[in-house]
Amino acid sequence: MPAKLIIVTNQKGGAGKTTAAVHLAGTAVRRGFKTLLIDADKQGTATKWVAQAEEGQAHKIRVMGLAMAEAKIAQEVKQYVDDYDLIFVDCPPSVDSPIPQVMLMIADLAIVPIVPKPGDLWASTDLLELAERAAAVNPELQIRLLGSNVIANLAMSRHSLTSMATMRESAPLFKTRLHQRTAFVEAMLTGDSVHYFGSSAKTAILEIENLFDEIVATLKLQVPKIKTKGRK
Ligand SMILES: Nc1ncnc2c1ncn2[C@@H]1O[C@H](COP(=O)(O)OP(=O)(O)OP(=O)(O)O)[C@@H](O)[C@H]1O
Ligand SMILES: [Mg+2]
C-alpha cells in the first residue's frame, strides 16, 4: 500500500505547523509506522529540529528537505510513497506558494492548525477555501482543523474553538487540542517529540497520542503489529 500523505498547512505564520508535524512524525515512528517527514518550508525549522538528535538516539525521525522543489514537489514526494507507510509534510506559511496548492491535490489528509484567536481564524480563510477547492477534485482529501498552542481556561480560546467547530462543514475540528506547554517548545532541542521527556511530559504526550489516534481513525490506518507497550 502506498504511504498515506498527511500535510500540515496554514498560511498563518506561527500557527504550530512544524510543532504538529514533527510531533506526529515522532509518534508515528513509535507506533511502528515507516515514517518520512518532509520539510517543505524554506525556513527549514523541521530539518533543524530533527538535526538536534544525537548520534544513535532512539526513535529517530527521518526528514527530507524538499522546499526547493516548489511546484515539482508532488513528483518528488511520489518517489517515496512506496517506501513508507506515512509521509508528513510541513508546509510553508503561505497560500500563494505552489507547495500547499500542489500538495493538497495529492494529500489524504490536510491538518490545519489554528491558534484559537480571532485574528488567526480570519487569517486561515483563504487556505481553507483553497483546501475546499482541492477536495472537489481530490476525492481522497480530508481536511481537519486543529486547536494549536491553546491557552487553557481562557474565554477567548473557548469561544474561538467553538467557532472553529462550525467554521466549515468540509473541515471538522479534531477533538484533541494541543495546549500551550513548555514541553512542546523544549522538544525542539531534543531532535524528537515530547515523548523524549518521558513521564515529566505526560500530559503533552497524551495530547499528541490522542491526536494520532484521531488520525488513525480518520484515515482508517492499519496499525503495525509491534509491541506498543512501553512506548516512550
Ligand atoms: N502547543 C504549544 N505549546 C507551546 N508553544 C508552542 C505550541 N505550539 C507551537 N508553539 C510555539 O509557537 C511558535 C510557532 O510554532 P511553529 O514553529 O510550530 O509554527 P509554524 O506554523 O510552523 O510557524 P511558521 O509559519 O513560521 O512555519 C514556536 O515558538 C513554537 O515553539
Ligand atoms: Mg513552520
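The values are calculated or read from the model by the stated rules, or taken from the named source; none is laboratory data. In this text, all values refer to a predicted model and were calculated from it rather than measured experimentally. Because the Cβ atoms are built from the backbone with ideal geometry, glycine has one as well, and the counts that use them run over all protein chains shown. Just the protein is used for accessible areas: all its heavy atoms, side chains included, with ligands, DNA and RNA removed. Shrake-Rupley method; radii C 1.70, N 1.55, O 1.52, S 1.80 Å.
From the P(r) of the stretch 73-150, can you give the percent of Cα pairs sitting at distances over 22 Å? Walk me through the numbers before you get to the answer.
On the way: 743 of 3003 pairs.
Of the Cα pairs, 25 percent sit more than 22 Å apart.
Between V185 and V137, full extension at 0.36 nm per residue minus the direct alpha carbon distance yields a gain of 13.6 nm.
Split the accessible area of the chain by element, probe 1.4 Å, and carbon with sulfur accounts for 52%.
Annotation: extensible slack from N153 through D213 equals 19.1 nm (criterion: 0.36 nm per residue apart, minus Cα-Cα distance).
I'd like the distance between the alpha-carbon centres of the stretch 100-145 and the stretch 79-94, rounded to an integer number of Å. For the stretch 100-145 versus the stretch 79-94, the Cα centre distance is 16 Å. Each peptide in 120-129, 189-198, 63-72 gets a packing score, the mean of other Cβ atoms within 10 Å over its residues, and the list from highest to lowest is 189-198, 120-129, 63-72. Taken per residue, the accessible surface of the stretch 4-219 reaches 43 Å², heavy atoms only and a 1.4 Å probe.
Close amide H contacts of Q142 (hydrogens built in the peptide plane, cut-off under 5 Å, sequence separation of 5 or more or a different chain): L109, A110.
When its C-alpha radius of gyration is set against 2.2 N^0.38 Å (N residues), the chain gives a value of 0.94.
Could you tell me which of rounded, prolate or oblate describes the stretch 13-58, using a ≥ b ≥ c as the square roots of the eigenvalues of the alpha-carbon gyration tensor, with rounded for a/c under 1.5 and, failing that, prolate when a/b is larger than b/c and oblate otherwise? The shape class here is oblate.
If eta is 1.306 mPa s and T is 10 °C, what Stokes-Einstein diffusion coefficient results for the stretch 49-178, Kirkwood Rh from Cα pairs, in µm²/s? Don't jump to the answer; show the numbers that get you there.
On the way: Rh = 16.4 Å.
Calculated translational D: 97 µm²/s.
For G14, the amide hydrogen comes within under 5 Å of no other amide hydrogen, counting only partners 5 or more places away or on other chains and with H modelled in the peptide plane. Adding -39500 (n - 2.57) for every DSSP H run of four residues or longer, then dividing by how many residues the chain holds, sets the calculated 222 nm ellipticity at -11000 deg cm²/dmol. Sequentially through the stretch 205-221, phi angles give Karplus couplings (6.51, -1.76, 1.60; θ = phi - 60°) of 4, 4, 4, 6, 5, 5, 5, 4, 4, 5, 5, 4, 5, 4, 9, 6, 6 Hz, Gly and Pro residues having no value and appearing as x. Under 5 Å from the amide H of Q180 lie the amide H atoms of V150, I151, A152, each residue being 5 or more positions distant or on a separate chain, with H modelled from the backbone and absent for Pro and chain starts.
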